[in-house]
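Contents: one structure, followed by commentary.
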């Protein structure tokens, strides 16, 4: 390994053009002849056979030729060059327009800063995912099955006798879902739970929900870190840096990667598949057949077990690999068949046990319900262009306009392998009437690679030109736009879980007068009132949780015939409901003397602009900045306590 001096751009190799790397200020910034695109590469040359006879000349990343006679050719073309030479592992020859500097060695001068930077970027990805979990710890109804399944596995175990206590037998949902992800998440969370408990960080059952979500966020963050490492290896460290900044400044993936949607369980194997396809030497034209085989198997597993739409990615990868000669048709067929049968056997055996139904394949039920019977349309139908005009711009933010700049990078054709599967998935999902962003969320990490290449091309232009400075400012502006949108969306998301906040009020203020029998309305159940928020009622883990000495009952009955037996109500009105008024709580606003309000919860309504504040006199600049864009809330839930018996 050759270490470069402070100001010497260098292409270093062990005697072969196919195994060289580009270094700048002691850090690797690229590799392969197509990777030397950074603006600081004035002129660099590599003696690719350990002699001075065969030299590859680069100027600003463009290969200018391989002169056979070093001195004559270079002197004629670049008369001001000064030669630097360094002997060691291989023979390295570099040229600059300026005066020469001494090259230094040993390896650790490079490895230490490289390792530290890589570790810092991985830590940033992990910290971003954790931050979103801690800022918005509650969950929505679409996350409830996997969250409650993890709760039941933790609390009751998986023995046949314990299954009778599981929540899914009471609230099954429209179609059955797999337990594979939930069981794995619960088991892998146990060490973290016991560690947190030993440190006194688990005062109530609700903290278990946060730990479970942090573990899931960590798993998906690791998947993104894998992709970042692959990007750094194949496209250079600067591109890996830009990939991290783009990913962490976006909203949807960091915010949702710690949420127990089936899509987030599928995200890790999909990202691992992308990592295997990207991770190769920069000058390697194709992935290894082993990487292609494992990638296909991972996508098939995700499609069979977690989310059927991943099959579009798997199909696109198979077609692309066969067309490119990365794998034969019969090898792809064998891999797909074996991985499909193995995945079906796994999900049928696991889910038949947990659902107490023989030969149950949950994802097939989902396909039949949503696609064959067309029941997904009951949740709304969007136009065919919705993904292109609405969902993808929200998912990608500035990564979408950054992507076209990748075509001015040194090797735009190398990105086609990322574009094709993404296009196939979006096209396939556009043919289905019901559309949601989470059906195509898997393309975001892959598309961010393209955006990072585009940003790298923008930043690497000469700053001495107007175009170069404009592109540099545009790249910086794209990150600022991402951050601004993410701050607004995160602030709204934090205020969008009234059910969880209502449960916090109920748990903290009720229970002073003996038995608590609380009814939880439908809106609260949909917006944060998970089983983990039943902090005063069993079941409990054998942990030092602060269980109440008062008996608590949390009732989720839909449309009860009478509310007379309840001591507390989480309702959608400030007035108590009448018997049979319905689960949605459309009730009279008239106050009932027998009930007192313990608290009210407001939730996000919309963002509003107050441009008049800019013209108002006597208002400071800080107050104007804070008041121009403000979050408007609307009362959503009330926590009521019965005052008469």
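Report the relative contact order of the stretch 408-512, percent, no decimals, based on alpha-carbon pairs under 8 angstrom and at least 6 residues apart. Numbers along the way, then the final one.
Details: 39 pairs, mean separation 19.8, N = 105.
Relative contact order, the stretch 408-512: 19 percent.
Given 0.36 nm per residue, what is the gain on full extension from residue 407 to residue 469 after removing their alpha carbon distance, in nm? Before the final figure, lay out each step's value.
Numbers: separation 62, 0.36 × 62 = 22.32 nm, distance 1.86 nm.
Length gained between residue 407 and residue 469: 20.5 nm.
Cα centroids of the stretch 335-355 and the stretch 490-508: how far apart, whole angstrom?
38
Given an 8 Å cut-off on Cα distances and at least 6 residues of separation, report the relative contact order of the stretch 230-299 as a percent.
RCO, the stretch 230-299: 36 percent.
On a C-alpha basis, how far is the centre of the stretch 190-215 from the centre of the stretch 367-383 in Å? Whole number, if you could?
So the separation of the two Cα centres works out to 38 Å.
Given the Cα-Cα distance of residue 557 and residue 628 and 0.36 nm per residue of separation, how much length would full extension add, in nm? Working shown, then result.
Numbers: separation 71, 0.36 × 71 = 25.56 nm, distance 4.34 nm.
Length difference between fully extended and current span is 21.2 nm.
Let me test this: with uniform point scatterers at the alpha carbons of the stretch 116-494, what is the Debye-based log₁₀ I(q)/I(0) at q = 0.14, 0.15 1/Å?
Calculated log10 I(q)/I(0) at the listed q: -1.30, -1.46.
Computed FRET efficiency, Cβ-Cβ of residue 359 and residue 323, R0 35 Å: what is it to the nearest 0.05? Numbers along the way, then the final one.
Working: r = 37 Å, r/R0 = 1.05.
Calculated transfer efficiency: 0.40.
So how do 487, 322 line up by other beta-carbon neighbours within 10 Å, fewest first? Spell out each step's value before the answer.
Working: 487 12, 322 17.
Listing 487, 322 from fewest to most nearby Cβ atoms yields 487, 322.
If you average the sequence gap of Cα pairs under 8 Å that are 6 or more apart and divide by the length of the stretch 263-374, what percent do you get for the contact order? Don't skip to the end; give the middle numbers.
On the way: 109 pairs, mean separation 26.2, N = 112.
Averaging sequence separation for qualifying contacts and normalising by length gives 23 percent for the stretch 263-374.
State log₁₀ I(q)/I(0) for the stretch 209-324 at q = 0.15, 0.22 Å⁻¹ as given by the Debye formula over alpha-carbon point scatterers of equal weight, solvent excluded.
Log10 I(q)/I(0), no solvent term: -0.71, -1.27.
Work out, step by step, the length gained on full extension between residue 394 and residue 222: first 0.36 nm times the residue separation, then minus their alpha carbon distance; give nm to one decimal. Intermediate results must be reported in sequence, preceding the final value.
Working: separation 172, 0.36 × 172 = 61.92 nm, distance 2.34 nm.
That pair, residue 394 and residue 222, stretches by 59.6 nm at full extension.
Quick one: if you stick a label point 7 Å off each Cα along the C-beta vector at residue 565 and residue 607, how many nm between them?
Spacing of the two 7 Å Cα→Cβ label points: 4.8 nm.
For each of 441, 215, count neighbouring Cβ atoms within 10 Å of the residue's Cβ, then give the residues from fewest to most. Please list the in-between numbers first.
Values: 441 23, 215 20.
Fewest-to-most ranking of 441, 215: 215, 441.
May I ask you to sort 442, 194, 323 by Cβ crowding, counting other Cβ atoms within 10 Å and putting the fewest first?
Details: 442 28, 194 14, 323 9.
Least to most surrounded, the residues fall as 323, 194, 442.
Can you pull the one-decimal nm distance between simple spin-label points at residue 116 and residue 134, each 7 Å off the Cα toward Cβ?
Those two pseudo-labels are separated by 2.4 nm.
For the pair residue 288 and residue 550, how long in nm is the line joining their label points, each one 7 Å along Cα→Cβ?
Inter-label distance under the simple model: 6.3 nm.
Each reported figure results from applying straightforward, stated rules to the coordinates on display, with no laboratory input. This is a predicted model, so every value here is computed, not measured. A quick note on method: Cβ atoms are made from the backbone with ideal geometry, for glycine too, and the neighbour counts reach across all protein chains shown.
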